[in-house]
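Report on one structure; see the data block that follows.
The values are calculated or read from the model by the stated rules, or taken from the named source; none is laboratory data. Nothing here was measured: the structure is a model prediction, and the numbers come from that model. Note that we place each Cβ from the backbone using ideal geometry, even for glycine, and neighbour counts take in every protein chain shown.
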Amino acid sequence: MLHEFADLMELQGDVFKQNAYRRAARGVEALEEDIRQVIEEGRLEQIPGVGKGIALRIREMVETGGSKELEKLRLSFPPGLSEVMMVPEVGPRTAARLYRELGVTNLEQLKRAAMEHRIRELPGFGERSEENILKGIDLVERHGRRMLLSDALAKGEALAEHVRSSGFPLVSVAGSMRRMRETVGDVDILVGTDRPDEAMKVFVSYPHVESTIVRGGRKTSVRLADGTQADMRVVPEASYGAALQYFTGSKEHNIKLRRLAIRKGLRLNEYGLFDASGNNLVAGKPEEEIYRLLGLQPMPPELREDRGEIEAAAEGRLPVLVEQGDIRGDLHIHTVMSDGHGTMREMVMAAMKRGYEYVGLTDHSASLHVAHGLDDDELLASIEQAHRLGDELGFPILRGAEVDILEDGTLDYPKEVLDQLDYVIGSVHTRFKMGVDEMTERVVRAIRSGRMNILGHPTGRLLGRREAYSIDLDTVMDEARENRVALEVNGFPDRLDLNDVNCRKAKEKGVMVVLNTDAHREANLSNMRLAVGTARRGWLEPENVLNCLPYSQLKAVLSRKTDESI
Ligand code: DGT
Ligand code: CA
Ligand code: CA
Ligand code: ZN
């Protein structure tokens, strides 16, 4: 909040106050104890940069979680200006000038001003700055948004590998991508080495680096050719574990952890866990040691969101999370028969190569014309074909289908056809804009049909492109449990649907979840990692996951369903 104050002061053109807030923000950041304690002991004004006025604001922030003055300040500027400030060539001060002198209040207007050459008319600007602003706008439009986890992992892991293979074995991705968050703001890389300058050189010489944003002794930020920002921190080898913990975050998790350390009379920062006399208790040790020394179970990065994991770890009741190795088969796969790009044989062999015990094929149903859905006869013929292929390969192939849940909640094949399938995924692919009651009723009707085993991508959201449709997931989950329908975590990179929070809700409600890729080509099968990551963020254990069951038990669960409904 102090930084935001500073930004807004800069926007107002008040350099003096801007600097004051910036200094105070840095002073507070550098604190190694709980600010509440500092306040209690009346030592707030001893923090470098904190005077009387700012001390009052800090007290209000700590007590109320906000600041009236800050809210007022925010309202005094058009909301679009924050986007204008994100343009690399602009920043708060220039945004303020463009606002005052040209009336620019959002990105669109900034673009127009630059294209109409109105910016170059202002003193201090020229043709060059106009061009740079246009480039910057393009960057914000393309990459101002957060990137998908899968894109971040591809970039981050390649970059980490570049550093590793250049002679720095202690390297890891950190930040939100290590926590498998569904979207990632920037790529974070951590290196433990006693040759920091060399490591920094290796980092900036990565072929995809376009420009260096900041170059420092311990942290360097670069922009990759595609606009992605990547931060690399370098710490001494002996601090690697502590730094990995710190830079994995989340910030909220770290703050709570640091508070716990303070209560135990210890100090925690990115260089280690220190006792009262300043001895580093974790020097050279892996990050788990920090948790153990704080009296906690060590925990995987996916849990570190301050959603109760620290409390659970203190009581020794952390979940044993599902892992990729627990997944015995992928149950949502398309082939060339509908809109996939691999034949049945290619997709099955690719699944076998991944070490699965079984696989399920699920092409689209007839009414989804855009995806070349199968009509009754095509589907029935493909069931035969799948079972023959399974016999030939000596590998269990379940023939299913991804059946549209039509507007009225009926499934897109007649019962006689559905009964020939090993299982059915029901999915909503049309009429997303229904009201919440109508949509919930539609899905509940399908769940109650007795012919559906899995609800595919249950909320329909597409990250960065389409909001989830309105649906009452509590009701859907209750019905799913009663009717033994599993809810899918669809691992397609822009779906991740159910999301982490809803996975946890499903677990609490006793609903089975199934982790699928919705693969449309062989390479998509690797998206299981994303589904598993999402499930882990939702605290899921193998017993919560349908496709952790061995084949015979899975078959029993899937067929019990049809028997009972007859
Ligand atoms: P992102 O990039 O927005 O997807 O999210 P993160 O979590 O990767 O955040 P980022 O890149 O700003 O920082 C990486 C990690 O560094 C973050 O997860 C925790 C740590 N960190 C950053 N700033 C702070 C801070 O002010 N306090 C504490 N305790 N940790 C921080
Ligand atoms: Ca990050
Ligand atoms: Ca970062
Ligand atoms: Zn679908």
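Beta carbons closer than 8 Å, at least 6 apart along the sequence or on distinct chains, pair a first residue in segment 70-89 that is farther than 28 Å from ASN132 by Cβ with a second that is in a loop (DSSP other than H, G, I, E, B) and of a type in the set (A, V, I, L, M) for LEU70/MET1. Residues in segment 113-138 that are assigned to a helix (DSSP H, G or I), buried (at least 16 other Cβ atoms within 10 Å of the Cβ) and of a type in the set (A, V, I, L, M): ALA113, ALA114, ILE133, LEU134, ILE137.
Of the residues examined, VAL282 is not one that is surrounded by 14 or more Cβ atoms within 10 Å (Cβ to Cβ), touching a residue at least 60 places away in the same chain (Cβ under 8 Å) and β-branched (Val, Ile, Thr).
Hey, can you tell me all the residues within segment 222-242 that are more than 21 Å from the chain's Cα centre (by Cα) and either part of a helix (DSSP H, G or I) or within 12 Å of ligand 1 (Cβ to nearest atom) (or both)? ARG233, GLU237, ALA238, SER239, TYR240, GLY241, ALA242, listed by residue number. Examine segment 514-534 for a residue that is assigned by TED's automatic domain parsing to the domain that holds GLY426, small (Gly, Ala, Ser) and more than 20 Å from ARG354 (Cβ to Cβ), and state whether such a residue exists. Within segment 514-534 (the criterion being assigned by TED's automatic domain parsing to the domain that holds GLY426, small (Gly, Ala, Ser) and more than 20 Å from ARG354 (Cβ to Cβ)), the answer is no, since none of the residues qualifies. The set of residues in segment 168-201 being within 19 Å of SER239 (Cβ to Cβ) and either more than 16 Å from ligand 1 (Cβ to nearest atom) or at pLDDT below 95 (or both) consists of PHE168, PRO169, LEU170, THR193, ASP194, ARG195, PRO196, ASP197, GLU198, ALA199, MET200. Within segment 473-523, the set of residues being assigned to a loop (DSSP other than H, G, I, E, B) and either in contact with an Asp or Glu (Cβ under 6 Å, 6 or more places away or on another chain) or of a type in the set (Gly, Ala, Ser) (or both) comprises GLY491, PHE492, LEU496, GLY510, THR517. Looking across GLY13, GLY42, GLY51, one residue alone is exposed (fewer than 14 other Cβ atoms within 10 Å of the Cβ) and either among the charged types (D, E, K, R) or touching a residue at least 60 places away in the same chain (Cβ under 8 Å) (or both). It is GLY13. In the condition set (1) among the hydrophobic types (A, V, I, L, M, F, W, C); (2) modelled with pLDDT under 90; (3) over 31 Å from the mean Cα position of the chain (by Cα), ALA114 is compliant with all but (2). For segment 429-436, does any single residue satisfy the condition of being touching a residue at least 24 places away in the same chain (Cβ under 8 Å) and touching a Pro at 6+ places or on another chain (Cβ under 9 Å)? Looking through segment 429-436, none of the residues is touching a residue at least 24 places away in the same chain (Cβ under 8 Å) and touching a Pro at 6+ places or on another chain (Cβ under 9 Å).
Within segment 448-472, the set of residues being of a type in the set (A, V, I, L, M) and either assigned to a loop (DSSP other than H, G, I, E, B) or surrounded by 24 or more Cβ atoms within 10 Å (Cβ to Cβ) (or both) comprises MET452, ILE454, LEU455, LEU463, ALA468, ILE471. Based on what the data block shows, is VAL163 away from ligand 2 (no atom under 16 Å from the Cβ), over 24 Å from SER239 (Cβ atoms) and not charged (D, E, K, R)? No, not satisfied.
Counting only helices (runs of 4 or more DSSP H) that sit wholly inside segment 292-405, those with at least 2 residues that are under 32 Å from the mean Cα position of the chain (by Cα) are 309-314, 344-353. Evaluation of ARG215 against the conditions (1) surrounded by fewer than 16 Cβ atoms within 10 Å (Cβ to Cβ); (2) within 11 Å of ligand 3 (Cβ to nearest atom); (3) closer than 23 Å to VAL87 by Cα shows that the sole unmet condition is (2).
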